Amino acid sequence: VQLQASGGGLVQAGGSLRLSCAASGRTFSSYAMGWFRQAPGKEREFVAGINWSGRMTDYADSVKSRFTISRDKNTVYLQMNSLEPEDTAVYYCAALKPQAGWGQRLPNLYDYWGQGTQVTVSS
């Protein structure tokens with residue numbers, strides 16, 4: 001599975017962005033997916049996850065009610081609303097092999113990673 005993240009940019013506080021993660025590979029539809037972020041000087045942290053069918057989602061408390069994760073056949077999305085300066089980070093998408101289940105929040109459990117896209121929220 002190869003992942004390509006896009007959609008980042010500079011936005012004012014209160015604004016919105018939509019991140020996309022395009023996936024290639026025949027088995028993508030069987031993988032749970034996650035979005036993570038890493039701010040300068042901080043560890044990579046879980047943001048949101050979605051199971052293989054798209055029917056189950058999970059969110060970090062800090063983004064719950066503001067961010068929405070979704071997926072279609074070849075792409076995973078992260079709709080980010082009401083953005084705050086604290087959301088500034090490089091955002092990564094990641095894929096989790098089916099045997100690992102879903103809802104995993106630890107980055108080291110994910111098998112494939114996209115290259116990251118920068119999100120900057122100005123105050």
Give region 14-37 a look and list any residue that's within 20 Å of THR120 (Cα to Cα), outside any strand (DSSP E or B) and open to solvent by less than 30 Å² (accessible area, probe 1.4 Å), or say none.
GLY15
Among the residues of region 40-66, write down those that are outside any loop (DSSP other than H, G, I, E, B) and among the aliphatic types (A, V, I, L, M).
VAL47, ALA48, ILE50
Residues in region 38-53: is at least one open to solvent by 20 Å² or more (accessible area, probe 1.4 Å), modelled with pLDDT of 95 or more and closer than 18 Å to SER6 by Cβ?
yes
In the set ASP87, ASP61, which member is charged (D, E, K, R), at pLDDT 95 or above, over 15 Å from LEU3 (Cβ atoms) and open to solvent by 10 Å² or more (accessible area, probe 1.4 Å)?
ASP61
Take region 1-13 and flag every residue that is open to solvent by 50 Å² or more (accessible area, probe 1.4 Å) and assigned to a strand (DSSP E or B).
GLN2, GLN4, SER6, LEU10, GLN12
In the set TYR77, TYR59, the lone residue that is out of contact with any Phe, Trp or Tyr (no Cβ under 8 Å at 6 or more places or on another chain) and of a type in the set (Phe, Trp, Tyr) is TYR77
From the list SER65, SER20, exactly one residue is among the polar types (S, T, N, Q) and in contact (Cβ under 8 Å) with a residue 12 or more places away in the chain. Which is it?
SER20
In region 96-123, anything under 16 Å from PHE36 (Cα atoms), touching a helix residue (DSSP H, G or I) at 6+ places or on another chain (Cβ under 7 Å) and open to solvent by less than 40 Å² (accessible area, probe 1.4 Å) is listed as LEU96, VAL119
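The values are calculated or read from the model by the stated rules, or taken from the named source; none is laboratory data. Bear in mind that the values here come from a model prediction, so they are computed numbers and not experimental data. A quick note on method: Cβ atoms are made from the backbone with ideal geometry, for glycine too, and the neighbour counts reach across all protein chains shown. Just the protein is used for accessible areas: all its heavy atoms, side chains included, with ligands, DNA and RNA removed. Shrake-Rupley method; radii C 1.70, N 1.55, O 1.52, S 1.80 Å.
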